[in-house]
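Chemist: Mind looking over this structure? Questions follow.
The values are calculated or read from the model by the stated rules, or taken from the named source; none is laboratory data. Worth saying up front: this structure is predicted, and the values here are computed from it rather than measured. Cβ atoms come from the backbone with ideal geometry, glycine included; neighbour counts cover every protein chain shown.
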Amino acid sequence: MALAEIPLCVWRKRGQTFVFHGQTIRYWTAGQGEPLLLIHGFPTASWDWHYLWQALAQ
C-alpha cells in the first residue's frame, strides 16, 4: 500500500514511539538515505505529511 493511501487506523499502528523527558514521541522510519526530521506544529500530527511520505522515502 502506498503511504499516501494509508488509512488513519493503519498509520496509528505503524508508527513507533519513545518517551523523552516524560513526553511520548511518535516517529516513522522509511527509506535508506540520510535521516530527515519533519516537525509539525500544535495541534497537528505527522499525518499532515502522509501524501509526501512516499516521495520523501525515496
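Chemist: Return a yes/no flag: does region 15-25 have any residue that is at pLDDT 80 or above, under 24 Å from residue 58 (Cβ atoms), of a type in the set (Val, Ile, Thr) and surrounded by fewer than 10 Cβ atoms within 10 Å (Cβ to Cβ).
Modeler: Checked region 15-25: no residue is at pLDDT 80 or above, under 24 Å from residue 58 (Cβ atoms), of a type in the set (Val, Ile, Thr) and surrounded by fewer than 10 Cβ atoms within 10 Å (Cβ to Cβ).
Chemist: I need the full set of residues from region 1-42 which are part of a loop (DSSP other than H, G, I, E, B) and polar (S, T, N, Q), in order please.
Modeler: If the condition is that a residue be part of a loop (DSSP other than H, G, I, E, B) and polar (S, T, N, Q), then 29, 32 are the ones that fit.
Chemist: OK, next. Taking the stated definitions as given, is residue 54 at pLDDT 85 or above and either out of contact with any strand residue (DSSP E or B) (no Cβ under 7 Å at 6 or more places or on another chain) or among the β-branched types (Val, Ile, Thr) (or both)?
Modeler: Answer is no for this residue.
Chemist: Taking region 43-57 as the region of interest, how many residues are farther than 16 Å from residue 10 by Cβ and not in a helix (DSSP H, G or I)?
Modeler: Within region 43-57, residues that are farther than 16 Å from residue 10 by Cβ and not in a helix (DSSP H, G or I) number 3.
Chemist: Taking region 26-56, which residues are touching a Ser or Thr at 6+ places or on another chain (Cβ under 9 Å) and surrounded by 10 or more Cβ atoms within 10 Å (Cβ to Cβ)?
Modeler: 26, 27, 28, 38, 40, 53
Chemist: Looking at (1) surrounded by 10 or more Cβ atoms within 10 Å (Cβ to Cβ); (2) at pLDDT below 80, can you tell me which one residue 2 breaks?
Modeler: Every condition holds for residue 2 apart from (1).
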